[in-house]
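Single-structure report; data block below.
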């Protein structure tokens with residue numbers, strides 16, 4: 001198989017070729033490694049790669065033989081580094097597979113490397129000091145988003161058809177929107193974070209991946225969902241596969257259209273035009289979109305403050321543990337200014353303040369639940385603007401405390417954190433392009449456990465307004 005042929009397929013398509021004997025897993029791996037060699041020097045998405053483990057593939061596995069990349073945080077692969085984008089954790093080796101890694105292996109995915117992340121995944125851009133900036137394959141001067149920016153850039157550039165990603169405030173959806181991919185954030189309790197962690201950011205963080213096709217994300221969720229021993233949250237699996245939902249009719253949906261974000265931001269001209277186009281498309285497909293303004297139940301300032309306290313208090317334990325394991329001091333030589341500020345801010349959060357933050361989480365969750373009693377889906381832009389130029393996200397970070405840095409993150413992606421706080425499924429769908437030829441993601445959110453509603457709608461939109469043939473400037477198949 002030639003590289004230009006490899007890049008034409010999604011993950012399920014490649015697995016089918018392996019099952020039919022038309023290509024071997026070794027050939028697919030060779031193509032992926034060649035793609036890394038060809039495009040990674042330009043985008044800096046893959047920080048380490050290796051030959052896949054020699055395994056006996058189960059032909060029945062959904063992604064049998066498909067090359068795969070894991071993000072440098074949250075998922076542990078035995079004997080491989082997990083450095084969390086930080087100099088403090090540089091060289092740290094995972095002693096054993098996490099539950100999710102075990103599921104990736106059972107799905108037939110052959111993990112060949114790690115992708116970049118901002119330090120501790122504490123940004124929605126990927127510009128860490130440890131491994132340098134990750135560039136957007138559509139325009140190398142722009143951010144690929146974050147915190148799963150390396151995963152998104154690698155998939156968008158054709159290195160692999162899908163890659164592992166995490167999401168605690170939009171970190172699957174933001175990079176998917178920035179690079180023209182499909183990104184599904186599952187419900188809280190759908191995918192295990194164990195065994196080392198019961199929760200990520202007190203239930204705000206989840207894991208899955210980014211992909212170039214809806215069906216790949218659906219099949220990935222089928223492969224990795226389900227409780228493991230000791231799960232703190234369990235969202236029961238449905239009586240059908242998620243993959244089966246992609247081709248199923250979604251019915252006539254009542255869709256609330258959120259134009260302005262909860263912080264008052266309005267989308268820029270390109271994004272507003274894309275949202276209008278999506279509303280027209282949905283109406284033409286028989287749905288009922290209407291303007292809506294879902295309330296958080298608290299002020300935007302209270303919402304950001306609660307998130308800052310939850311995030312930063314959680315960060316303290318992580319950083320102290322890494323410092324102890326590495327023998328390194330917690331200092332400006334081991335942590336970036338914003339991360340160090342968030343660590344220091346987290347140390348000031350009292351137990352009473354932390355419990356109050358969880359109470360805000362409850363208020364927001366109940367408010368969102370009431371909204372989805374009225375609507376099937378909430379529609380909004382994924383981001384209020386096109387991808388930011390590299391370098392501007394971190395302007396003045398030396399002067400910020402942990403609250404101010406969280407506010408910066410939420411300013412960049414104000415539409416996405418609601419799904420994390422309320423534990424809801426949400427997806428970014430690459431439905432539009434700007435006048436300058438950059439991808440624009442449209443976000444859809446549904447009630448807890450209703451990934452099926454999203455996947456049925458996503459499949460319909462993918463057929464009505466396909467994006468599979470769009471190619472960024474940096475694309476392995478044409479290099």
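Annotation note: of 249, 238, 232, 267, the sole residue that is over 16 Å from residue 450 (Cβ atoms) and out of contact with any strand residue (DSSP E or B) (no Cβ under 9 Å at 6 or more places or on another chain) is 232. Residues that are surrounded by fewer than 24 Cβ atoms within 10 Å (Cβ to Cβ) and more than 17 Å from the chain's Cα centre (by Cα) do not occur anywhere in segment 184-193.
For segment 390-424, taking the residues that are over 15 Å from residue 304 (Cα atoms) and either touching a strand residue (DSSP E or B) at 6+ places or on another chain (Cβ under 6 Å) or free of Cβ contacts under 8 Å to residues at least 40 places away in the same chain (or both), the one that is surrounded by the most Cβ atoms within 10 Å (Cβ to Cβ) is identified as 424. Scanning segment 82-91 for residues that are assigned to a loop (DSSP other than H, G, I, E, B) and buried (at least 18 other Cβ atoms within 10 Å of the Cβ) yields 82, 83, 84, 85, 86.
Taking segment 332-377, which residues are in contact with a strand residue (DSSP E or B) (Cβ under 9 Å, 6 or more places away or on another chain), assigned to a helix (DSSP H, G or I) and either surrounded by 14 or more Cβ atoms within 10 Å (Cβ to Cβ) or without any contact (Cβ under 8 Å) to a residue 24 or more places away in the chain (or both)?
Of segment 332-377, the ones in contact with a strand residue (DSSP E or B) (Cβ under 9 Å, 6 or more places away or on another chain) are 336, 368, 371-372, 374-377.
Right, trim to assigned to a helix (DSSP H, G or I) and you get 368, 371-372, 374.
Selection gives 368, 371, 372.
Yes or no, residue by residue, for (1) modelled with pLDDT of 95 or more; (2) outside any loop (DSSP other than H, G, I, E, B); (3) within 30 Å of residue 41 (Cβ to Cβ); (4) out of contact with any helix residue (DSSP H, G or I) (no Cβ under 6 Å at 6 or more places or on another chain):
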residue	(1), (2), (3), (4)
442	yes, yes, no, no
449	yes, no, no, yes
458	yes, yes, no, no
477	yes, yes, yes, no
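Does residue 302 satisfy the condition of being in contact with a strand residue (DSSP E or B) (Cβ under 6 Å, 6 or more places away or on another chain) and closer than 29 Å to residue 264 by Cβ? Against the criterion (in contact with a strand residue (DSSP E or B) (Cβ under 6 Å, 6 or more places away or on another chain) and closer than 29 Å to residue 264 by Cβ), residue 302 does not qualify.
When segment 270-290 is filtered for residues that are in contact with a strand residue (DSSP E or B) (Cβ under 7 Å, 6 or more places away or on another chain), more than 12 Å from residue 379 (Cα to Cα) and loosely packed, with under 14 Cβ neighbours inside 10 Å, only 283 remains.
Within segment 205-234, track down each residue that is under 15 Å from residue 424 (Cα atoms), part of a loop (DSSP other than H, G, I, E, B) and at pLDDT 95 or above. Passing the criteria: only 205.
Quick one: in segment 291-331, of everything that is outside any helix (DSSP H, G or I) and without any contact (Cβ under 8 Å) to a residue 12 or more places away in the chain, which residue is surrounded by the fewest Cβ atoms within 10 Å (Cβ to Cβ)?
Going residue by residue through segment 291-331, those that are outside any helix (DSSP H, G or I) are 291-299, 327-331.
Still in the running and without any contact (Cβ under 8 Å) to a residue 12 or more places away in the chain: 299, 327, 329, 331.
On the way: 299: 12, 327: 6, 329: 11, 331: 11.
Among those that are outside any helix (DSSP H, G or I) and without any contact (Cβ under 8 Å) to a residue 12 or more places away in the chain, it is 327.
Return the residue satisfying two criteria in turn: it lies in segment 172-204 and is assigned to a loop (DSSP other than H, G, I, E, B) and touching a strand residue (DSSP E or B) at 6+ places or on another chain (Cβ under 6 Å), and of such residues it is farthest from residue 11 (Cα to Cα). Among them, the one singled out is 190.
Hey, does segment 174-184 have a residue that's in contact with a helix residue (DSSP H, G or I) (Cβ under 7 Å, 6 or more places away or on another chain), farther than 30 Å from residue 3 by Cα and at pLDDT 95 or above? Checked segment 174-184: no residue is in contact with a helix residue (DSSP H, G or I) (Cβ under 7 Å, 6 or more places away or on another chain), farther than 30 Å from residue 3 by Cα and at pLDDT 95 or above.
The values are calculated or read from the model by the stated rules, or taken from the named source; none is laboratory data. Predicted, not measured: the structure shown is a model, and the values here were computed from it. Cβ atoms come from the backbone with ideal geometry, glycine included; neighbour counts cover every protein chain shown.
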